[in-house]
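Q: Structure incoming, see below.
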Amino acid sequence: MAGNWLPPAHLTGSGRPVFLPGEVECSLLSSVDLYSEETPNFPHLKSGLIILTTHRLIWVQESTPSPTAFFVPLSSINHIFSLKRSIKSMFASPRFRFQASLGEKGEKGLVVITLILRGKSDVDSFVEKFWEAWRNKGWLDGVKSGSGGEGEGERSGSGSGSGGDGGFAVRMPVVGVAGILRKEQEMWESTDKSLQDAFQDLNALMNKAKEMVTLAEKMRAKLLSGSTSQATGTNDEEIGTKEEMQELLLSVGIVSPVTKESAGALYHQQLSRQLADFAKIPLERAGGMINLIDIYCLFNRARGTELISPDDLLRACSLWEKCDVPVMLRKFDSGVMVIQSKNHSDDEVFTRIRSMVTTPDALRAGVTASDAAMTLGIAPAMAKEHLLSAEGKGLLCRDVSPDGFRFFVNLLQEIDADDIFLVKEYGIYHTWVKAVSVAR
């Protein structure tokens, strides 16, 4: 029924909305009802998450096993009602109303939509951001282009004019306390002007960074679509260049990073969902498991200037237990913490380790964490954790020497306790005896 009035919004695997090109998240509120008092057949959406962006007002139902989402385009809104302040409203949940041009089965009509904000959050801040997003009309391209240049030209023109007048003025020397005060005032004015110029440059840099991220997203989508459609007719050098370009573009940035200003009390919850979506590609490249420090560096680089602290990252990862996301936080016995895909299987890693330690060279001299890292294609620290886990399963034995740790295949499982000198003509023990004999 809701689909007849409101278009559905696409969600990621972790339940975050899939944003449109150039769309940025502005504010979030939890426990919000969306319905229409004047239109009886309009759906009543209860207790959902409201996400305000520059393009849409998205309502997400998170309590169901398969989350659903609908949205109201800000372009369809033609009037926003002011919040009513009364004694009765002090004891009830705040209500926010706006009028939009929506339609059932293709027939457009004006519908007054009411939002009941039941969550404990700053309603006035949400309404203010709603007004701002609606007035700015971020869904239109090129509306603001050229507006900033004129203002800057006027300011620069006025400044140059004043500077020209000041060049012909004769400044009389002032001594004593008045001179000291004048010098202090000039210094503060100079500092204030320098700060204004610096912040103008910083704002220009931030706007340019957003444009670069949008451009990178378009280039990445074009490369990904081109790699699937053009399966033949390319040489290895071109394929390698495309893969390198895709890796660079994937790490350029996140278009709409979750911030404390936009998410409020839902900051860590939404951050954990966005992190789960972001970790999908790095996990595929790392074989299903990646160090927590590595994902922290990659995630912060992708967020640009909206950096997060290690505590925020750890808290976001710990919330994955309560969310239905395809990744999980794992802590080894040594204390090393990693992010692991739920599809990752330790048995597959143990099979590769077992085939590695049963080669003739490994049977004679064993393997190190560096050897395992080269074979598994992961970092040495992660390879050591896998070797220690295999040792805990009884697959390996450890030899500690001044040269470090070396791991050998566990032969004790094939030795008969009643006749320890009996060597069977099959099995790893027989292969080990032959390898040692050849070495001598």
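The values are calculated or read from the model by the stated rules, or taken from the named source; none is laboratory data. In this text, all values refer to a predicted model and were calculated from it rather than measured experimentally. Quick reminder, even Gly has a Cβ in these numbers, built from the backbone with ideal geometry, and neighbours come from all protein chains shown. The area values use the complete protein model at the heavy-atom level, side chains included, leaving out ligands, DNA and RNA. Shrake-Rupley method; radii C 1.70, N 1.55, O 1.52, S 1.80 Å.
Q: When only the heavy atoms of the protein chains count and the probe is 1.4 Å, how do 183, 384 rank by accessible area, highest first? Intermediate values should be presented prior to the final figure.
A: Details: 183 135, 384 80 Å².
Descending accessible area places them as 183, 384.
Q: May I ask you to compute the full-extension gain from residue 137 to residue 75, defined as 0.36 nm times their residue separation minus their alpha-carbon distance, rounded to one decimal in nm? Don't skip to the answer; put the middle values down first.
A: Details: separation 62, 0.36 × 62 = 22.32 nm, distance 0.75 nm.
Computed gain between residue 137 and residue 75 is 21.6 nm.
Q: With every protein chain kept in the model, how would you rank 397, 317 by accessible area, 1.4 Å probe, largest at the top?
A: On the way: 397 45, 317 0 Å².
Solvent-accessible surface, decreasing: 397, 317.
Q: Taking R0 as 45 Å, what's the FRET efficiency between residue 374 and residue 20 from their Cβ-Cβ distance, rounded to 0.05?
A: On the way: r = 43 Å, r/R0 = 0.96.
For residue 374 and residue 20, the calculated efficiency is 0.55.
Q: Could you tell me which of the pairs 137/322; 129/193; 260/322 are separated by over 32 angstrom between their Cα atoms in the structure shown?
A: Values: 137/322 36 Å; 129/193 30 Å; 260/322 20 Å.
In this structure, 137/322 exceed 32 Å between Cα atoms.
Q: If you don't mind, another one. Which whole-percent values make up P(r) of the range 262-341 when all C-alpha to C-alpha distances are grouped in 5 Å steps starting at zero?
A: Whole-percent P(r) values from 0 Å outward: 3, 15, 28, 28, 18, 6, 2, 0.
Q: Report the label-to-label distance for residue 343 and residue 182 in nanometres (one decimal), using points 7 Å from each Cα along the Cα→Cβ vector.
A: Taking the two extended label points, one gets 7.5 nm.
Q: Which sequence of 79, 386, 268, 10 reflects their accessible areas, 1.4 Å probe, from the largest down?
A: Final ranking, largest accessible area leading: 10, 79, 268, 386.
Q: May I ask you to derive the FRET efficiency for residue 314 and residue 281 from their Cβ-Cβ distance with R0 = 22 Å, giving the value to the nearest 0.05?
A: Numbers: r = 21 Å, r/R0 = 0.97.
Calculated value: 0.55.
Q: Would you mind computing, in nm to one decimal, how far apart the modelled labels at residue 4 and residue 124 are, each placed 7 Å from Cα along Cα→Cβ?
A: Using points 7 Å along Cα→Cβ, the separation is 4.1 nm.
Q: Right, another one. Expressed in whole Å with the largest first, what are the equivalent ellipsoid semi-axes of the range 2-138 derived from the C-alpha gyration tensor as the square root of 5 times each eigenvalue? Let's see the in-between values first.
A: Details: eigenvalues 87, 63, 55 Å².
Calculated on Cα positions only, the semi-axes equal 21, 18, 17 Å.
Q: Give, as ranges by residue number, the residues of the range 365-387 whose backbone N falls under 18 Å from the point 7 Å along Cα→Cβ of residue 293.
A: Only 369-370, 373-374, 378-387 fall inside the zone, counting backbone N under 18 Å.
Q: Specify which residue in the list 126, 72, 49 is farthest towards the positive end of the charge dipole of the range 2-138, using unit charges on the beta carbon of Lys, Arg (+1) and Asp, Glu (-1), about the Cα centre.
A: Selected residue: 126.
Q: A further question follows. Does the range 296-415 classify as rounded, prolate or oblate by the C-alpha gyration tensor (a ≥ b ≥ c root eigenvalues; a/c under 1.5 gives rounded; else a/b over b/c gives prolate, otherwise oblate)? If you can, show how the numbers build up before the last one.
A: Details: a/c = 2.69, a/b = 2.10, b/c = 1.28.
Here the range 296-415 falls in the prolate category.
Q: For residue 393 and residue 97 in one chain, what is 0.36 nm times their gap in residues minus the Cα-Cα distance, to one decimal in nm?
A: Gain on stretching residue 393 to residue 97: 100.4 nm.
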